[in-house]
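I have a structure here, written as structure tokens, and I will follow up with some questions on it.
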Amino acid sequence: QLLINSDRAYPCFCSHQRLEDVKNFQKKNNTLTGYDGQCRKIDTSEYIQRMKTEKHVIRLKTPAKGKLDYMDIIRGKIEFDLSLVEDQILIKSDGYPTYHFANVIDDYYMKITHVIRGDEWISSMPKHLLLYKYLEWEPPTFAHLPLILNKNKTKLSKRQNDVAAEDYIKKGYLPEAVINYLSLLGWHPSGNREIFNMKELIQEFSLDRINKSGAIFDVQKFNWMNSYYIKSYKFSTIFKL
């Protein structure tokens, strides 16, 4: 309601069919696909009345032009062209918030200081930054991590590898090996050392040593590290003597 009152959000009454027609028209004419802002033109007095009886969503009013940027811990300054960002939906027609809206609200009220996530989320940054700006809140610090890749440099997927740490634990990989190996994917220590226990990783780790490019998941290297930990295990520890 605060965003609507400040003319930074508005109700959209467009039907699903109209949105599909707009999208198909845009594709046919090789133009950027997205919401065309039809309901931005409705006067306040009119939409207040229509909201009482008509099904609608609430959209964020994105500036038609201009730039928006932020400083990413890992990738440096990233800039977005707002003319390419559509008016995102904040509240769905069933009254529930969308993920992007809830994400920003939750992070603010939980006093989140750092958001560390995969780089596939960079495209969502304009949506989040605009919300922080419109609500006059200080955004958290963002760090977008490189993805873990297969050997052919495609995104790691279940079709080619297990993608959950628990899957490898079930196969017999030691937890120490899993933690150690995963820590070196996309991050590098100050030297050439590869074997670290948890305490050493905590002392050594820093965000400024995370790579920008994706890391290759090498099963053979993982097997080598697991064998190292198996060999270094004490007999009494394994058999709980």
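Of all the stretches in the chain, which is the longest one without any exposed loop site, taking GluC sites (Glu not before Pro) in a DSSP loop (any state but H, G, I, E, B) with at most 12 other Cβ atoms within 10 Å?
137-241
Rolling a 1.4 angstrom probe over the protein heavy atoms, how many square angstrom per residue are accessible across the chain?
64
With every protein chain left in place, what is the accessible area of TRP121 in Å² (1.4 Å probe, nearest 10)?
About 80 Å², rounded to the nearest 10.
Using the 2.2 N^0.38 Å rule of thumb for compact globular proteins, work out how segment 37-121 stacks up: its C-alpha Rg over that value, please.
Scaled against compact globular proteins, the figure is 1.37.
Leaving out ligands, DNA and RNA, what percent of the accessible area of the chain is carbon and sulfur, probe 1.4 Å?
Numbers: 8270 of 15500 Å².
The computed percentage sits at 53.
Once you have the Kirkwood Rh of the chain from its Cα pairs, apply Stokes-Einstein at 4 °C and 1.567 mPa s and quote D in µm²/s.
59
Something else now. Quick one: work out the % antiparallel among DSSP beta bridges in the chain, nearest 5.
Around 70 percent of the beta bridges assigned by DSSP in the chain are antiparallel ones.
Sort TYR181, TYR109, TYR233 by heavy-atom solvent-accessible area, probe 1.4 angstrom, most to least.
The most accessible residue leads, giving TYR109, TYR233, TYR181.
How much of ASP208 can a 1.4 Å solvent probe reach, expressed as accessible area in Å² and rounded to 10?
Accessible area of ASP208: about 120 Å².
Take the alpha-carbon centre of segment 37-74, take the same for segment 167-199, and report the distance between them in whole Å.
Centre-to-centre (Cα) distance: 46 Å.
Return the sequence-ordered ³J(HN,Hα) values of segment 217-228 in whole Hz as given by the Karplus equation 6.51 cos²θ - 1.76 cosθ + 1.60 applied to θ = phi - 60°, using x for Gly and Pro.
Ordered by residue, 3J(HN,Hα) equals 7, 9, 4, 4, 5, 5, 4, 4, 5, 5, 5, 4 Hz.
Continuing with this model, one more query. How big is D, in µm² s⁻¹, for segment 10-56 by Stokes-Einstein at 37 °C and 0.692 mPa s if Rh is the Kirkwood radius over C-alpha pairs? Please list the in-between numbers first.
Values: Rh = 11.7 Å.
Taking Rh from Cα pairs, D becomes 280 µm²/s.
The values are calculated or read from the model by the stated rules, or taken from the named source; none is laboratory data. Because the structure is predicted, anything quoted here is derived from the model rather than measured. Note that we place each Cβ from the backbone using ideal geometry, even for glycine, and neighbour counts take in every protein chain shown. SASA here: full protein model, heavy atoms, side chains in, ligands and nucleic acids out. Shrake-Rupley method; radii C 1.70, N 1.55, O 1.52, S 1.80 Å.
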